[in-house]
Amino acid sequence: MNAQSALSLRGVRKSFGSIDIINGVDLDLVPGERHALIGPNGAGKSTLFHLISGQLGLSAGEVFLGNQKISGLPPDRVNHLGLARSFQITNVFPGLSVFENLRLAVMRQHGLQYVFWQSIARRTQVTRETRELLERLRLANRASTLASELSYSEQRSLEIGMALASRPQVVLLDEPMAGMSREETDYAVDLIRDITRGKTLFIVEHDMDVVFGLSDRISVLVYGRIVATGTPDEIRSNPVVKEAYLGEETA
Amino acid sequence: MDSRIILGAIIVLALVLAPAVLSPALVNAGIQMLIASLFACAFSLLCGQAGMLSFGHSAFFGVGAFATVHAMNAVGGAGLLPTPFMPLVGAVTGLLVGLVAGWFATKRTGVYFAMITLAIGELLYSLAPHLGGWFGGEAGVSTMRMPAFGLSFGSNVQVYYLTLAWVLLCLGLLYLFTRTPLGRVALGLRENTRRLRFLGYNVHMASVLVFAVSTMFAGVAGALQAINIESANYVLFNLDLSAEVLLNSYIGGVTFFLGPAIGAALMTFFGYVVSDLTTSWLLYKGLLFVAVMLFVPRGIAGLVQTVAASVRRCGFGALAASFVLHGVAAALLACGTVFSVEMLQRIFSQDYLSLARLGGKAWPAISLFGESWRPLAAATWLVPLVLFAIGLLVLREAMRRWRAAIEAATRGSDEANDPAVASGAST
């Protein structure tokens, strides 16, 4: 494996019964880069994210976070080692306030999982970090609103914020802009650019403006295989990609 | 916030002063109410806050009670601990048994979790009569309260104060628990375990701990019961008790901290009063539960919250008439229900059958509420029908007035807020 990689996939395979969803993916993410994963519907992008984050087990292959092998570990261990993810379908705590949602996300980083002998309010560091995160997500005025009562794009911001609260080195965002209007998307791109600074970002997104504007490198996944990896310009001019994916849309 | 503290202080003061004015029988009922309140709050930590519906919580209540009885009988009857500290035995037992049972039960969620807890409860219920050494067979195990620290614990007033002190202490601890990190994680367990897992939490371990905290306090409630009645019997493990704590908690409002305590206290008192008056008291309890679930699904505490919010918005004056009408409607509907239930209960009773046979008349008159009613007369059944009809009409009027008051207040506040909204949008 490559010692400089932030995240490294080696021969990753996944099959459900006799159907191969992921057919041997090798990929290295450079620390600090913003890397997009694109591909037609059903290519296996979300499945790949599930495999990396520990939600699904691999059929074959290995995943490394830095030097640490993370394939085979449960999601909470993977998260604790420094990889966080957001979900395509908003996945927050609907009946809790925005503040409480973020505090639960921040709290874990302070080793406060099973603590029952101390009031959470006394951990001022947790409260401060939660407030800071609220500010950065521009949700400060919604702190006491229930997550279920937020607008859709606010929920998406919260979703991203919860992934980032654990101060991960690597962040996986699964279609963060899905279902957003043009303005909301622009706003979310700004937000992502801002709060993932210094982290390695791996993002699945269908909005090509976002993908080509935001990423340093792009990988194209088709039928469970990566057919190309490169800078946005390289990808734009790659004939295989044009044929397999972009061609369908530009035609 | 301040008004809440004052209200709490008044309630505590009333509870402290209560034995001075209550008859011994009512003091006894008070002890039962306190124990039921603690049990319901322990149950609701699991069910209301962590979203895990347990159908077998009487197991931990019972285990706490039996452990306490054995501890009281230990050392040749002198007791393992001085009597006031006996609930600690229930706490430790509840905690340990809860850790083991919880480890298995929380491997699954939702219906499966409920089924496992039900199975654990039923397992104890069917095993207990056969384990004579531990559970004393069908007769149970009895014990005696020993004097300690100059107190004899012979009168039920002393037991009342012992129970009150422990219940207040435990409710305080349970409340503080909700403010701790683990208490917050419990809310996350209820809301979304998947998200919790991806935030780096060990969901199973957190569930086991919350489960064990709940069973620990259930064990204390069981211990207090053992101290109070100086015995423990395997019927403690019966599903009845598990069902009762569940019903009490939902009637009170399972997601509110003190809701279950209120529900349990009221329902225990209701049982105490009504079971003396009528043999159909369980039916009334059931009817009350159904009525609460149908019309105020968030329970008594939820109702209080809604009403308080409405009063704040509209002012008490605007709603006063509606309050009175709601009260009148409830009274009329209750009277209609009671009349029907009591009448039917008497008609279908064994006694009535014998009476008819002995008297030689097919439908002898029934005496109820100091009157004689003929079961086949239209006038008899007109009574409940009229009560229901008037009750429903009054209820409709009460609800209409309520809505009108709310609408008036909403219109008023909209007009008042309009300029603010406009300026907010322009910035």
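The values are calculated or read from the model by the stated rules, or taken from the named source; none is laboratory data. Computed from a prediction, not measured in an experiment: that's the story for all the values here. Methodologically, a virtual Cβ is constructed for each residue, glycine included, from the backbone with ideal geometry; neighbour enumeration extends over all protein chains shown. Accessible surface areas use protein heavy atoms only, side chains included; no ligands, DNA or RNA. Shrake-Rupley method; radii C 1.70, N 1.55, O 1.52, S 1.80 Å.
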Heavy atoms of A:Leu146 accessible to a 1.4 Å probe, total area in Å² rounded to 10
60
What does the accessible area of A:Glu149 come to, in Å² to the nearest 10, when a probe of 1.4 Å is used?
120
Counting only DSSP beta bridges with both residues in chain A, tell me the antiparallel percent, nearest 5.
55
Charge tally in the Cβ shell below 13 Å around B:Val324, where Lys, Arg are +1 and Asp, Glu are -1, B:Val324 excluded
0
Solvent-accessible surface ranking, highest first, for B:Lys361, A:Lys45 at 1.4 angstrom:
B:Lys361, A:Lys45
Chains A and B: how much accessible area gets covered up at their contact, both sides added, probe 1.4 Å, in Å² to the nearest hundred?
2600
Within the under-15-Å Cβ sphere about B:Tyr175, not counting B:Tyr175, Lys/Arg +1 and Asp/Glu -1 give a net charge of +3
Counting only protein heavy atoms, probe 1.4 Å: which residues of the range B:173-189 lose 10 Å² or more of accessible surface in the full assembly compared with their chain by itself?
B:Phe177, B:Arg179, B:Thr180, B:Pro181, B:Leu182, B:Arg184, B:Val185, B:Leu187, B:Gly188
Which entries in B:Lys285/B:Lys361; A:Lys69/A:Lys199; A:Lys199/B:Lys107 show an alpha-carbon gap greater than 29 Å?
B:Lys285/B:Lys361; A:Lys199/B:Lys107
Taking the dipole of the protein assembly as shown about the Cα centre (Lys, Arg +1; Asp, Glu -1; charges at Cβ), the one of B:Leu45, A:Ile195, B:Ala405 that reaches farthest to the positive side is B:Leu45
With every protein chain in place, the protein assembly as shown: carbon and sulfur % of accessible area (1.4 Å):
63
Considering only protein heavy atoms, with the full assembly of protein chains and a 1.4 angstrom probe, order A:Met180, B:Met293 by accessible area, largest first.
B:Met293, A:Met180
Using a loss threshold of 10 Å², tell me which positions in the range A:114-132 are less accessible in the complex than in their chain alone. Probe radius 1.4 Å, ligands and nucleic acids ignored.
A:Tyr114, A:Val115, A:Phe116, A:Gln118, A:Ser119, A:Ile120
Could you please report the charge total around B:Tyr284, scoring K, R as +1 and D, E as -1 over all other residues with beta-carbon less than 13 angstrom from its beta-carbon?
-1
Please calculate the 1.4 Å probe accessible area of B:Leu176, with all protein chains present, and give it to the nearest 10 Å².
100
Identify, among B:Met267, B:Leu15, A:Leu48, the residue whose Cα sits farthest towards the positive end of the charge dipole of the protein assembly as shown, taking +1 on the Cβ of Lys and Arg and -1 on the Cβ of Asp and Glu, with the dipole about the Cα centre.
B:Leu15
The range A:24-42-the range A:131-180 distance, computed between alpha-carbon centres (Å)
23
Alpha-carbon centroids, the range B:258-301 and the range B:83-135: separation in whole Å:
26
List, by residue number, every residue in the range A:73-98 with a reduction of 40 Å² or greater in accessible area between the chain on its own and the complete protein assembly, 1.4 Å probe.
A:Pro75, A:Asp76, A:Asn79, A:Phe87, A:Asn91, A:Phe93, A:Leu96
Roll a 1.4 Å probe over the protein chains and send me the accessible area per residue for chain B in Å².
49
Of A:Arg123, A:Arg167, B:Arg374, ordered by accessible area with the largest first and a 1.4 Å probe, the sequence is B:Arg374, A:Arg167, A:Arg123
With both bridge residues required to lie in the protein assembly as shown, what share of the DSSP beta bridges run antiparallel, to the nearest 5%?
65
Residue-normalised value, i.e. accessible area per residue, for the range A:96-251 at 1.4 Å probe, in Å², stands at 45
